[in-house]
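The values are calculated or read from the model by the stated rules, or taken from the named source; none is laboratory data. Please read these numbers as outputs of a predicted model, since none were measured by experiment. Reconstructed Cβ throughout: ideal geometry from the backbone, glycine too, with neighbour counts over all protein chains shown.
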Amino acid sequence: MYSDVVVAGGSVAGLLCAREIASKGYSVTVIEEDYEIGTPEHCGGLVSLSGLEELGIIPFRNTFDHFIESANIKSPNGNNFTIDSKKQKVIEISRRELDKQIAFQAQKNGATIKVKTSFQEINDKGVRTNDEQIDCKIFVDARGVSSLIHKDRTGILSSAQYEIYADWIKKGKVEVFFDQEKYPGFFAWVIPSGESKGKVGIAGKGINVAQVMEELLKDKGDFSVIRKIFAPIWIKGPIENFVEGKTVIIGDAAGQAKPTTAGGIYTSGMGGVFAGQAIAKFLKTGNEKDLEQYQKRWNERFGKEFEKQLLARKILERLDNNTINKLFESVTPEIINEISEKDDFDFHTGSIIKLLGVKGSIKTVQTLIGGELKKLLN
């Protein structure tokens, strides 16, 4: 079999890349190792409406459930504050349905999609799958975090996300829990997918995520679990090279998920779009510099924001629970209002700076993280 391009991984980035290539008339085959596009669903499912529009997606009714109205942020000692997120126009989507919607776009443009087909190896002519050889000019690695594990395990965190039914989940209201003892280096979350149903997740360094999850749910109240997903997440930012010869790396495999939250629908999706456009141009011209435009465009769009998010992550990882509790005490109504008025969910370092108490910050925090804060502010 021959295809101009083979894309390994049928998620957002891979499917958007295939859509862009096929739209220019080139043959592209997407291979997905799971039995269904959109499964398993690792994602929390939050994305800005503007982000989806830039990706070229107007969500179907069964993809988009509701807007997120607020986010309640909790400290280890129980102090909390609520951010009004209406202005940011963040929506909760079904990743299963979103991936299928993009797959439909790709197929309509001419892409071929094969499920239960796994990548085995790259060879001189193309790639070998579990059931056939596919000769190709370009191989696109969109296999997610699994592609990064052998490169740098220090950027990997364990995570768990359960889909549950529970009366304490309220439609439109996200919850975030910070506790460096329970979720070291990360946090826990509740993301509603409707009234009394949603996704509860945790991540952290060196923890038994199943055990910690059970403790969190027990503290929250009665619940029923309908699905459990355990998956690694990547928090170390983009890899050095997105293009290696005739291999193009996109999405989570390229480290394009946000270092602060590991969310990547928009940032990884744009990686797929930029890569697809660059590959299509390369197939037309044969000029390898056209392939290099992919990484250049992505870095121009997201590079500085990711650098700041990596600095913010470095700061947050150094805070103990006592310092976090003090930070929460220093958060003023003015800071909360400023964050609530911010309308860019996808570029959120400014909000993190405010939450770290830059305005009226306590001295212990200034001493601890002052140098990094100066870098963030530049």
* Structure fact -> Taking region 217-234 and keeping only residues that are in a loop (DSSP other than H, G, I, E, B) and touching a helix residue (DSSP H, G or I) at 6+ places or on another chain (Cβ under 7 Å), one is left with Phe223
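Listed here are the residues, each with its yes/no results for (1) farther than 26 Å from Lys246 by Cβ; (2) touching a strand residue (DSSP E or B) at 6+ places or on another chain (Cβ under 7 Å); (3) aromatic (Phe, Trp, Tyr).
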| position | (1), (2), (3) |
| --- | --- |
| Lys116 | no, no, no |
| Asn123 | no, no, no |
| Val145 | no, yes, no |
| Asp152 | no, no, no |
| Phe177 | yes, yes, yes |
* Does region 235-247 include one or more residues that are outside any loop (DSSP other than H, G, I, E, B), within 30 Å of Phe302 (Cβ to Cβ) and touching a residue at least 24 places away in the same chain (Cβ under 8 Å)? -> yes
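If you check Asn378, Asn321, Asn299, Asn287, which single one turns out to be at pLDDT 90 or above and more than 28 Å from Gly245 (Cβ to Cβ)?
Asn321
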* Being touching a residue at least 40 places away in the same chain (Cβ under 8 Å) and over 23 Å from the mean Cα position of the chain (by Cα) is the filter here, so list the residues in region 207-225 that pass it. => Leu217, Lys220, Gly221, Asp222, Phe223, Ser224, Val225
* Structure fact -> Note on Met213: of the conditions (1) assigned to a strand (DSSP E or B); (2) buried (at least 18 other Cβ atoms within 10 Å of the Cβ); (3) not polar (S, T, N, Q), unmet is (1)
* Structure fact -> Every listed condition ((1) within 21 Å of the chain's Cα centre (by Cα); (2) buried (at least 17 other Cβ atoms within 10 Å of the Cβ)) holds for Lys182 save (1)
